[in-house]
Each structure stands twice: as C-alpha cells, then as structure tokens.
Amino acid sequence: TETGSGRAMPPQPDAKTVADKVNLDEIFPPGEGRDLVLNNCQNCHTFVPIVVLQMDSDAWTRNSIDHRERVTSLTDEEFKTLYTYLRANFHPGRPVPKLPKALLDTWTSY
C-alpha cells in the first residue's frame, strides 16, 4: 500500500492472527456486556483502543455518543450494557494490559 505522498507503507499485520495470540479472558474480564464488546466493537477496529486508552466515565460517554450511529445492530439497552461494561473494566485505575507490538499497530480500519 502507498500513502498519499507515494511512499510505500510496510505491510500491516493481520489483526485477527495477532489477536489470536493474546488471552482475551485476561484482557476482558467476565461480566454482562463482555460478549457485546467482543462481538461488535471489532467490526470496525481491533480491541486495542478499548484497552489502551483506559478512558474515564465522561470520555466513555462522549465515545458512546460518537459510536451510536456506527453500532446500529444493537438495541439501546444492549448499547447501554456494552458501555457500562467498558466503564467498569477499562478506566484509568486499571493497568493497561501488555499487548504484542504487531497488535498495537492495528488500531482501526476506518
């Protein structure tokens, strides 16, 4: 692939292959909303921004507003449950899990 400047970009790792090498059970604790996160958020991006940004409650609220139109397959209740899970498990008080560099390079597809 090339950038707008015509420089070739290095090949990007396959996010799915790299993600298969991490233990999702260690990164995403059990709880209501976990499956909603794993089954919906990765339709547009890897789970990397979720676990690396560790946003506070206000930031998750802003994020939910930005994402509601992108996640149309969920009911409002499911969407609320998903964000309740994110607020509870991915916040500044939780250490960022160690992730492979190749996965850290896969943030988003949009």
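The values are calculated or read from the model by the stated rules, or taken from the named source; none is laboratory data. From a predicted model like this one, the values you see are computed outputs, not experimental measurements. Reconstructed Cβ throughout: ideal geometry from the backbone, glycine too, with neighbour counts over all protein chains shown. Just so you know, the surface numbers come from the protein's heavy atoms only, side chains and all, with ligands and any DNA or RNA stripped out. Shrake-Rupley method; radii C 1.70, N 1.55, O 1.52, S 1.80 Å.
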When the stretch 73-110 is examined, which residues are found to be polar (S, T, N, Q) and out of contact with any Pro (no Cβ under 9 Å at 6 or more places or on another chain)?
-> 73, 75, 81, 84, 109
Filtered residue count, the stretch 46-82, keeping only those that are open to solvent by less than 40 Å² (accessible area, probe 1.4 Å) and either under 12 Å from residue 36 (Cβ atoms) or assigned to a helix (DSSP H, G or I) (or both) = 14
When every residue in the stretch 83-100 that is not in a loop (DSSP other than H, G, I, E, B) and not hydrophobic (A, V, I, L, M, F, W, C) is compared, the one surrounded by the fewest Cβ atoms within 10 Å (Cβ to Cβ) is 84
Among the residues of the stretch 54-81, how many are under 19 Å from residue 24 (Cβ atoms) and over 12 Å from the mean Cα position of the chain (by Cα)?
-> 1
So, first residue closer than 15 Å to residue 88 by Cβ in the stretch 45-61, second residue surrounded by 19 or more Cβ atoms within 10 Å (Cβ to Cβ) and small (Gly, Ala, Ser), Cβ within less than 6 Å, six or more apart or across chains; the pairs are none
Within the stretch 30-45, of all residues that are surrounded by 12 or more Cβ atoms within 10 Å (Cβ to Cβ) and in a loop (DSSP other than H, G, I, E, B), the one modelled with the lowest pLDDT is 44
